Amino acid sequence: MISSSVPMRGSVWRGKVATGALRVGRTLWSTPSGRAAVVIVGAFLLIAALAPMIATYGPLERVRGEQGGLARLLPPSAAHPFGTTNFGRDVFSQVVWGTRRTLTIAGIAALATALIGLNVGLIAGYLGGKVDAVLMRLADSAYAIPFLPLALVLVGIFGRSDTVLVLAIAALFWRTTARVVRSQVLSLKERSFVKAAIVSGASRRRVLYVHIAPNVASLAILYGMLLVAEAVLAEASLSFLGMAPPNTVSWGTIMFDAFTSQEMRRAWWWPLFPGLAIMLFVFALSLLGRAHESLQRRRLETLP
């Protein structure tokens, strides 16, 4: 932790983050694809926040038909826009509730991964030498470990839980963020404003976290966006393989239930809509990431 004796550190971070956020917002809104991506991601976040108000049924509630029996495998209609499952559950309500769980897990996992990658990249790039070599070899090792087998091992040891899903994602996906941040730090530490801070007697922590870190934070945000997309796909993959906690609903568990029911050919709507939600959300995040990347490149070119 950085010492609290550093004056105005909080204001420096807040000012740079606020300025960066304003630039990001303007850049994303300056192109049609950026505006479309912001609207799509915003819509998903709104659905997740207002899930109890939007969903017409509970995620595991069994719907009764007009005759009193379960509304099993009904195709999309006005009453059930996304159809129903073999247990009479409303797929629309499940997709809405699943949005909240999927985005929550993906957001937490992406945040943890981005923070790990940011700090590893900062330390490796600035200190260099043996520290850099050790940390980069750890990143290489993370690339060499396959994700799904690691997740299976963690689930086998600790059981099925959301915490295990987050740990499985964060344990490996920090590697790319760390490498990219390190490459930027190697360049930034040779800039005049960093050398001036060193000459003025600033400590390593102050140079690293006050002068360098704010200038690569937006890059970490960029890869954080991309990590959310990867985390959504990872969570869906693990849930589809049956590693989600029991009695939970996410986009991946809906598709898992459809597959294990052996009704996918007849009830085509069951896996279709959660699959479309995954595709649309990941596509929107990729558009946001590209727009943010172009902003970061232009900003780094203007540094002294």
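Derived from the Cα gyration tensor, the three semi-axes of the equivalent ellipsoid of region 186-248 are 42, 12, 7 Å, largest first.
Explain nothing, just the number: relative contact order of region 127-246, from Cα pairs under 8 Å at least 6 residues apart, as a whole percent. This gives 33 percent for region 127-246. In the chain, the longest principal axis of the Cα atoms and the axis of helix 9-29 are about 50 degrees apart. Tell me which of Ser237, Ala258, Pro75 sits at the most positive position along the dipole axis of the chain, charges placed on C-beta atoms (Lys, Arg +1; Asp, Glu -1). The one lying farthest along the dipole's positive direction is Ser237. Taking amide H as placed 1.01 Å from N in the peptide plane, Leu70 has its amide H under 5 Å from the amide H of Gly65, each at least 5 places away in sequence or on another chain. Each Lys and Arg Cβ is given +1 and each Asp and Glu Cβ -1; about its Cα centre, region 175-283 then shows a dipole of about 820 debye.
In region 161-214, the alpha-carbon atoms span a convex hull of 83 Å³ per residue.
The string of couplings for region 143-158 from the Karplus curve (6.51, -1.76, 1.60, θ = phi - 60°) is 5, 7, 8, x, 5, 4, x, 5, 4, 4, 5, 5, 5, x, 7, 9 Hz, one whole number per residue in order, with x for Gly and Pro.
Once you have a ≥ b ≥ c as the square roots of the Cα gyration tensor eigenvalues for region 101-178, tell me rounded if a/c is under 1.5, and otherwise prolate or oblate according to whether a/b is larger than b/c.
Oblate is the answer for region 101-178, as a/c is 1.5 or above yet b/c matches or exceeds a/b.
In whole percents, the pair-distance distribution calculated for the chain from its alpha-carbon pairs, binned every 20 Å from zero, is 29, 49, 19, 2, 0. How many angstrom lie between the Cα centre of region 69-121 and the Cα centre of region 165-226? Their Cα centres are 34 Å away from one another.
Rg and Dmax over the alpha-carbon atoms of region 177-282 stand at 22.4, 72 Å.
With respect to the chain, whose longest principal axis is taken over its alpha-carbon atoms, helix 213-240 is tilted by about 20°. Close amide-amide hydrogen proximity is noted between Thr84 and Leu73, Leu74, Val91, each under 5 Å apart and 5 or more residues distant or on a separate chain (H modeled in the peptide plane; Pro and chain starts excluded).
Across region 77-91, coupling constants 3J(HN,Hα) worked out from phi with the 6.51/-1.76/1.60 Karplus curve, θ = phi - 60°, read 8, 5, 6, 9, x, 10, x, 10, 9, 6, 9, x, 8, 6, 5 Hz, and Gly and Pro carry x. Rounded to the nearest 10 degrees, the inclination of helix 162-188 to the longest alpha-carbon principal axis of the chain is 30 degrees. Relative contact order, whole percent, for the chain stands at 25, derived from Cα pairs under 8 Å and 6 or more residues apart.
Each reported figure results from applying straightforward, stated rules to the coordinates on display, with no laboratory input. Fair warning: this is a prediction, and the values are worked out from it, not measured in the lab. As a convention, Cβ positions derive from the backbone with ideal geometry for all residues, glycine included, and neighbour counts pool all protein chains shown.
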